[in-house]
Amino acid sequence: MDLENAFAERGWKSYLSPPTSTSPHDLNIMISATAFLTQSIPYEHELAIPQCKTVYSIWQTFQQRYDSKACEDEVRLEAQILDMRKLATDDLDAHINKFDALAVVLLDQQPDNHRYEDFKVNQYFLRTLE
C-alpha cells in the first residue's frame, strides 16, 4: 500500500503494470522509478529480485511472494500466535510489539468478511502471557 501511494503521488502508478501499446513506459521515468523502488528494499529482500530489471517485474515478484492470502498462511500464522509466549527477557512493551506485529500479519491474511473480532485477538494475547 505504501509503495502504491508513493508511486501514485509521483504519477508513476502505471509502472506497476506491464507496458502496453496504448500506455508505453517512458525509459527515463522507468529508470527513476526502478531506482526509487530498489533503494527502498531492505538488503535481506534484495535476493528475491536479482533478475528483475523493471518496476513491474520487481512488483510482481514481491506480490507473488508476499501478497499471498492463502488459507495455509492464515493457519500457519494462527499457529505461531497460539505457540507464542512472553519471554522472561522481554518487557511487556516488547512483547506487545511482537504480538501486534504477528497479529497484524495474520489479520491481513484474512478476507474482509471473515476477520477475527477484537475479543478473539485479546484472548490470543492473554494466552501468550500464561
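Data overview
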item: Unmet criterion (only one of (1) at pLDDT 90 or above; (2) charged (D, E, K, R); (3) part of a helix (DSSP H, G or I); (4) closer than 29 Å to Q123 by Cα) for R85; result: (3)
item: Out of R65, R127, sole residue that is within 30 Å of P24 (Cβ to Cβ), in a helix (DSSP H, G or I) and without any contact (Cβ under 8 Å) to a residue 60 or more places away in the chain; result: R65
item: Criterion: among the charged types (D, E, K, R) and surrounded by 13 or more Cβ atoms within 10 Å (Cβ to Cβ) - qualifying residue of K98, K53, K120; result: K98
item: Some residue of segment 23-35 being of a type in the set (A, V, I, L, M, F, W, C), surrounded by fewer than 10 Cβ atoms within 10 Å (Cβ to Cβ) and over 30 Å from Q110 (Cα atoms); result: yes
item: The listed residue being under 17 Å from the mean Cα position of the chain (by Cα) and of a type in the set (S, T, N, Q), out of T89, T128, T61, T54; result: T61
item: Number of the exception - E4 against (1) over 25 Å from Q109 (Cβ atoms); (2) loosely packed, with under 13 Cβ neighbours inside 10 Å; result: (1)
item: Flag for D83 being more than 29 Å from S14 (Cβ to Cβ), in the same structural domain as A101 (by TED's automatic domain parsing), surrounded by 11 or more Cβ atoms within 10 Å (Cβ to Cβ) and more than 14 Å from the chain's Cα centre (by Cα); result: no
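The values are calculated or read from the model by the stated rules, or taken from the named source; none is laboratory data. Quantities reported herein were computed from a predicted structural model and do not represent experimental measurements. Backbone-built Cβ (ideal geometry, glycine too); neighbour counts: all protein chains shown.
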